[in-house]
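Data block below; observations after.
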Amino acid sequence: MKKLLGNVSIALSHIKKRIRLAGAVFVFVTLLVATAERATKGDDDEHEASVIGAGRIGNPIQGTTIPSASDFGFAVSGRSGTFVCSMAGPETGGFAGFRVMLVEGPVTPGSLEIHGRDVSFSGFATIALIPGLNGADQTVLDEVPYTVSARPGQAGRARMILNIPAFTQALGGDTGGVVAQGAIRIER
(Lines give C-alpha, C1' and ligand atoms only; values in the text may rest on other atoms or scores of the structure.)
Protein backbone atom coordinates (compact mmCIF):
# COMPACT_ATOMS: atom_id res chain seq x y z
CA MET A 1 0.00 0.00 0.00
CA LYS A 2 2.90 2.36 0.78
CA LYS A 3 4.30 1.80 -2.70
CA LEU A 4 0.86 2.37 -4.27
CA LEU A 5 0.35 5.56 -2.29
CA GLY A 6 3.84 6.74 -3.23
CA ASN A 7 3.10 6.11 -6.91
CA VAL A 8 -0.27 7.90 -6.62
CA SER A 9 1.41 10.89 -4.95
CA ILE A 10 4.05 11.10 -7.69
CA ALA A 11 1.42 10.81 -10.42
CA LEU A 12 -0.74 13.49 -8.81
CA SER A 13 2.18 15.89 -8.54
CA HIS A 14 2.62 15.76 -12.33
CA ILE A 15 -0.98 16.64 -13.15
CA LYS A 16 -1.04 20.33 -14.11
CA LYS A 17 -4.75 21.08 -14.30
CA ARG A 18 -6.79 21.13 -11.10
CA ILE A 19 -9.81 19.63 -12.86
CA ARG A 20 -7.82 16.60 -13.94
CA LEU A 21 -6.44 16.27 -10.42
CA ALA A 22 -9.94 16.29 -8.92
CA GLY A 23 -11.05 13.69 -11.48
CA ALA A 24 -8.12 11.41 -10.66
CA VAL A 25 -8.81 11.57 -6.94
CA PHE A 26 -12.54 10.94 -7.49
CA VAL A 27 -11.78 7.87 -9.64
CA PHE A 28 -9.34 6.58 -6.99
CA VAL A 29 -11.92 7.04 -4.20
CA THR A 30 -14.65 5.39 -6.29
CA LEU A 31 -12.49 2.36 -7.11
CA LEU A 32 -11.35 2.00 -3.51
CA VAL A 33 -14.90 2.10 -2.15
CA ALA A 34 -16.27 -0.24 -4.83
CA THR A 35 -13.53 -2.78 -4.08
CA ALA A 36 -14.08 -2.54 -0.33
CA GLU A 37 -17.86 -2.82 -0.70
CA ARG A 38 -17.51 -6.04 -2.71
CA ALA A 39 -15.09 -7.43 -0.10
CA THR A 40 -17.48 -6.53 2.72
CA LYS A 41 -20.42 -8.20 0.96
CA GLY A 42 -18.29 -11.32 0.47
CA ASP A 43 -18.01 -11.96 4.22
CA ASP A 44 -19.12 -15.42 5.29
CA ASP A 45 -21.43 -14.18 8.04
CA GLU A 46 -24.52 -12.88 6.25
CA HIS A 47 -25.97 -11.52 9.51
CA GLU A 48 -23.05 -9.24 10.27
CA ALA A 49 -23.81 -5.53 9.98
CA SER A 50 -21.71 -3.29 7.77
CA VAL A 51 -21.58 0.44 7.15
CA ILE A 52 -21.04 1.90 3.70
CA GLY A 53 -20.68 5.55 2.83
CA ALA A 54 -19.44 7.69 -0.03
CA GLY A 55 -19.87 11.28 -1.08
CA ARG A 56 -18.82 14.83 -0.47
CA ILE A 57 -18.77 16.71 2.82
CA GLY A 58 -20.37 20.15 2.70
CA ASN A 59 -21.17 22.34 5.71
CA PRO A 60 -19.38 21.81 9.00
CA ILE A 61 -21.24 20.69 12.13
CA GLN A 62 -21.33 23.83 14.25
CA GLY A 63 -19.21 23.49 17.37
CA THR A 64 -17.91 20.07 16.29
CA THR A 65 -16.04 20.28 12.95
CA ILE A 66 -14.10 22.91 11.04
CA PRO A 67 -14.94 23.84 7.41
CA SER A 68 -13.36 21.00 5.42
CA ALA A 69 -15.04 20.18 2.13
CA SER A 70 -13.81 16.74 1.09
CA ASP A 71 -14.67 13.57 -0.80
CA PHE A 72 -14.91 10.41 1.30
CA GLY A 73 -15.65 6.74 1.03
CA PHE A 74 -15.69 3.76 3.35
CA ALA A 75 -16.96 0.20 3.60
CA VAL A 76 -16.66 -1.36 7.04
CA SER A 77 -17.74 -4.60 8.70
CA GLY A 78 -16.79 -6.02 12.08
CA ARG A 79 -14.05 -8.00 10.35
CA SER A 80 -12.36 -5.31 8.27
CA GLY A 81 -12.84 -2.34 6.03
CA THR A 82 -11.23 0.62 4.37
CA PHE A 83 -11.56 4.38 4.67
CA VAL A 84 -10.46 7.22 2.39
CA CYS A 85 -10.92 10.98 2.56
CA SER A 86 -9.44 13.32 -0.03
CA MET A 87 -9.21 17.04 -0.53
CA ALA A 88 -8.03 18.00 -4.01
CA GLY A 89 -9.14 20.00 -6.99
CA PRO A 90 -11.13 23.21 -7.36
CA GLU A 91 -14.00 22.31 -5.01
CA THR A 92 -12.17 20.63 -2.14
CA GLY A 93 -8.48 21.47 -2.58
CA GLY A 94 -6.57 24.15 -0.76
CA PHE A 95 -7.41 22.89 2.73
CA ALA A 96 -4.91 24.25 5.29
CA GLY A 97 -2.62 25.32 2.42
CA PHE A 98 -2.38 21.87 0.78
CA ARG A 99 -3.32 21.33 -2.88
CA VAL A 100 -3.84 17.65 -2.06
CA MET A 101 -4.52 15.98 1.26
CA LEU A 102 -5.30 12.25 1.19
CA VAL A 103 -6.11 10.17 4.27
CA GLU A 104 -6.43 6.45 3.51
CA GLY A 105 -6.21 3.34 5.59
CA PRO A 106 -7.61 0.04 6.69
CA VAL A 107 -10.16 -0.16 9.47
CA THR A 108 -9.03 -2.03 12.57
CA PRO A 109 -10.92 -5.35 12.80
CA GLY A 110 -13.49 -5.27 15.60
CA SER A 111 -13.53 -1.46 15.86
CA LEU A 112 -16.92 -0.98 14.18
CA GLU A 113 -19.55 0.08 16.72
CA ILE A 114 -23.20 0.69 15.92
CA HIS A 115 -25.28 2.42 18.61
CA GLY A 116 -28.77 3.23 17.42
CA ARG A 117 -28.34 5.69 14.56
CA ASP A 118 -24.64 6.38 15.20
CA VAL A 119 -21.64 4.41 14.01
CA SER A 120 -17.92 4.65 14.64
CA PHE A 121 -14.75 2.85 13.60
CA SER A 122 -11.02 3.43 13.77
CA GLY A 123 -7.72 2.46 12.23
CA PHE A 124 -4.28 3.63 11.19
CA ALA A 125 -4.01 5.74 8.03
CA THR A 126 -1.44 6.85 5.54
CA ILE A 127 -1.64 10.60 4.96
CA ALA A 128 -0.26 12.23 1.79
CA LEU A 129 0.21 16.01 1.66
CA ILE A 130 1.09 18.09 -1.43
CA PRO A 131 2.93 20.38 -0.93
CA GLY A 132 4.56 18.61 1.95
CA LEU A 133 5.54 19.78 5.39
CA ASN A 134 8.48 22.15 5.94
CA GLY A 135 8.75 23.09 2.25
CA ALA A 136 8.96 19.53 0.88
CA ASP A 137 7.30 18.73 -2.46
CA GLN A 138 5.25 16.04 -0.72
CA THR A 139 4.98 14.37 2.68
CA VAL A 140 3.71 10.87 3.38
CA LEU A 141 2.96 9.91 6.99
CA ASP A 142 2.30 6.27 7.88
CA GLU A 143 0.40 4.59 10.72
CA VAL A 144 -1.43 7.72 11.88
CA PRO A 145 -4.34 6.83 14.22
CA TYR A 146 -7.80 8.00 13.15
CA THR A 147 -11.42 7.58 14.27
CA VAL A 148 -14.56 8.17 12.22
CA SER A 149 -17.96 8.89 13.77
CA ALA A 150 -20.94 8.97 11.43
CA ARG A 151 -24.70 9.19 11.32
CA PRO A 152 -26.25 7.31 8.39
CA GLY A 153 -28.72 8.96 6.05
CA GLN A 154 -29.08 10.63 2.68
CA ALA A 155 -27.44 13.88 1.58
CA GLY A 156 -28.36 16.74 3.89
CA ARG A 157 -29.03 14.41 6.84
CA ALA A 158 -25.98 12.13 7.04
CA ARG A 159 -22.83 13.36 8.71
CA MET A 160 -19.26 12.24 9.20
CA ILE A 161 -16.58 13.38 11.65
CA LEU A 162 -12.93 12.48 11.10
CA ASN A 163 -10.75 12.72 14.19
CA ILE A 164 -6.99 12.52 13.70
CA PRO A 165 -5.57 13.33 17.15
CA ALA A 166 -2.17 14.25 15.69
CA PHE A 167 -3.80 17.11 13.70
CA THR A 168 -6.96 18.13 15.58
CA GLN A 169 -5.36 20.80 17.76
CA ALA A 170 -3.19 22.26 14.96
CA LEU A 171 -6.21 22.50 12.62
CA GLY A 172 -8.51 23.91 15.27
CA GLY A 173 -10.91 20.96 15.35
CA ASP A 174 -11.96 17.73 13.68
CA THR A 175 -12.75 17.63 9.95
CA GLY A 176 -15.97 16.46 8.34
CA GLY A 177 -19.51 17.70 8.47
CA VAL A 178 -22.87 17.25 6.80
CA VAL A 179 -22.90 15.05 3.69
CA ALA A 180 -23.77 17.35 0.77
CA GLN A 181 -23.71 14.63 -1.90
CA GLY A 182 -23.88 10.88 -1.39
CA ALA A 183 -25.12 8.83 1.55
CA ILE A 184 -24.11 6.65 4.48
CA ARG A 185 -26.04 3.45 5.21
CA ILE A 186 -26.05 0.49 7.57
CA GLU A 187 -26.60 -2.93 5.98
CA ARG A 188 -27.65 -5.95 8.00
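The values are calculated or read from the model by the stated rules, or taken from the named source; none is laboratory data. Everything numeric in this text was worked out from a predicted model, so none of it was measured. Counting neighbours? That spans all protein chains shown, and the Cβs are built from the backbone with ideal geometry, glycine included. Just the protein is used for accessible areas: all its heavy atoms, side chains included, with ligands, DNA and RNA removed. Shrake-Rupley method; radii C 1.70, N 1.55, O 1.52, S 1.80 Å.
Here is how the numbers come out for the structure above:
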item	result
Dmax and Rg, reported as Rg then Dmax, of segment 106-188 (C-alpha, Å)	14.7, 47
Long-range amide H partners of ASN59 with built H, under 5 Å	VAL178
Volume of the Cα convex hull of segment 116-158, divided per residue and given in Å³	92
Heavy atoms of ILE61: accessible area, 1.4 Å probe, square angstrom to 10	30
Amide H contacts under 5 Å for GLY93, placed H, 5+ residues apart	ALA88
For ALA69, residues with placed amide H under 5 Å, excluding near neighbours	none
Label-point gap, in nm, between ALA170 and ALA136 - each point 7 angstrom along Cα→Cβ	1.1
For segment 90-147, average projected area of the Cα convex hull in nm²	5.3
